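Following: one structure in structure tokens, then a few remarks.
The values are calculated or read from the model by the stated rules, or taken from the named source; none is laboratory data. Treat the numbers as computed from the prediction; the structure is a model and nothing was measured. Cβ placement follows ideal geometry from the backbone for every residue including glycine, while neighbour counts extend to all protein chains displayed.
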């Protein structure tokens with residue numbers, strides 16, 4: 001994901017799994033925002049993952065794939081929030097579903113809000 005896309009989204013410091021942002025008042029709710037990506041591992045990647053499973057422990061090739069997918073979904077959600085005029089995202093959650101064998105959808109979603117410092 002390019003740095004340009006990340007700069008367009010909401011500051012990660014204003015993205016939280018909680019229902020409020022400490023020190024800030026919610027002044028406007030803008031609705032649900034989401035970011036979605038669909039990923040698969042290449043045949044070579046699947047082979048490398050299969051080899052790693054023979055030795056047990058952390059399967060780094062799949063960890064990397066999952067981390068990239070979550071980051072991409074998160075960044076897309078932040079961009080969506082900025083596009084609707086938000087400056088924060090509350091109640092962030094992730095979901096993942098297998099679309100077909102070896103193809104996974106990752107969804108990040110939350111509530112877009114406008115916040116201001118408490119008076």
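I'd like the full set of residues that are part of a helix (DSSP H, G or I) and buried (at least 21 other Cβ atoms within 10 Å of the Cβ), limited to segment 77-94.
Selection gives 77, 78, 80, 81.
Can you tell me which residue is surrounded by the most Cβ atoms within 10 Å (Cβ to Cβ) among those in segment 95-119 that are more than 11 Å from the chain's Cα centre (by Cα), in contact (Cβ under 8 Å) with a residue 60 or more places away in the chain and farther than 18 Å from residue 21 by Cα?
Checking each candidate, the answer is 104.
Give me the residue from segment 9-46 that is part of a helix (DSSP H, G or I) and surrounded by fewer than 12 Cβ atoms within 10 Å (Cβ to Cβ) and, out of that set, modelled with the highest pLDDT. Spell out how you get there, then give the answer.
Looking only at segment 9-46, we keep the residues that are part of a helix (DSSP H, G or I), and these are 12-14, 43-46.
From what's left, surrounded by fewer than 12 Cβ atoms within 10 Å (Cβ to Cβ): 13, 43-44.
On the way: 13: 95, 43: 58, 44: 55.
Ranking the qualifying residues of segment 9-46, first place goes to 13.
Given (1) in a helix (DSSP H, G or I); (2) modelled with pLDDT of 95 or more, where does residue 50 come up short, assuming only one miss?
Of everything listed in (1) in a helix (DSSP H, G or I); (2) modelled with pLDDT of 95 or more, residue 50 misses just condition (2).
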